[in-house]
Amino acid sequence: MLILKPNCECCDKDLPPTAPDARICTYECTFCADCVETRFDHTCPNCGGNFVPRPIRPEGQLRKHPASTKRFTKAHAVCAELQT
């Protein structure tokens, strides 16, 4: 089951379950479309996978399997540039 992470792992932007700009890679790393397109050139900095739009779960599925509330951020060289 896909874990819907609530934020971009780079810029920490909120990505609720229905966010159309949420992207996941082969290993479910989660980023916003802006980071994927402008910072990572469509290649995941964690695993090298390609990105696709994150699936949007029907409301009934979200009730059975709610989105995560734990926020994820990771240290990438490109992300570190955002912090400065």
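Just so you know, all these numbers are worked out from the coordinates, no wet-lab data involved. Bear in mind the structure is a predicted one, so any value in this text is a computation, not a measurement. Here Cβ is always computed from backbone atoms with ideal geometry, including for glycine, and neighbour counts include all displayed protein chains.
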Between residue 30 and residues 5 or more places away or on another chain, which pairs have amide H atoms under 5 Å apart, with H built 1.01 Å from N, and which residues are they?
-> 9
Give me the distance between the Cα centres of region 1-37 and region 47-61, rounded to whole Å.
-> 8
Count the net charge of all other residues whose Cβ sits under 12 Å from the Cβ of residue 44, scoring Lys and Arg as +1 and Asp and Glu as -1.
-> 0
When the Kirkwood radius is taken over all Cα pairs of the chain, what Stokes-Einstein diffusion coefficient follows at 20 °C and 1.002 mPa s, in µm²/s?
-> 166
When the Karplus curve 6.51 cos²θ - 1.76 cosθ + 1.60 is applied with θ = phi - 60°, which whole-Hz ³J(HN,Hα) does each residue of region 32-37 get, with x for Gly and Pro?
-> 7, 4, 4, 5, 4, 7
In percent, what relative contact order does the chain have, based on Cα pairs under 8 Å that are 6 or more apart in sequence?
-> 37
Just from its helices, what would the mean residue ellipticity at 222 nm be for the chain, if runs of 4 or more DSSP H residues each count -39500 (n - 2.57) and the sum is divided by every residue, rounded to the nearest 500 deg cm²/dmol?
-> -3500 deg cm²/dmol
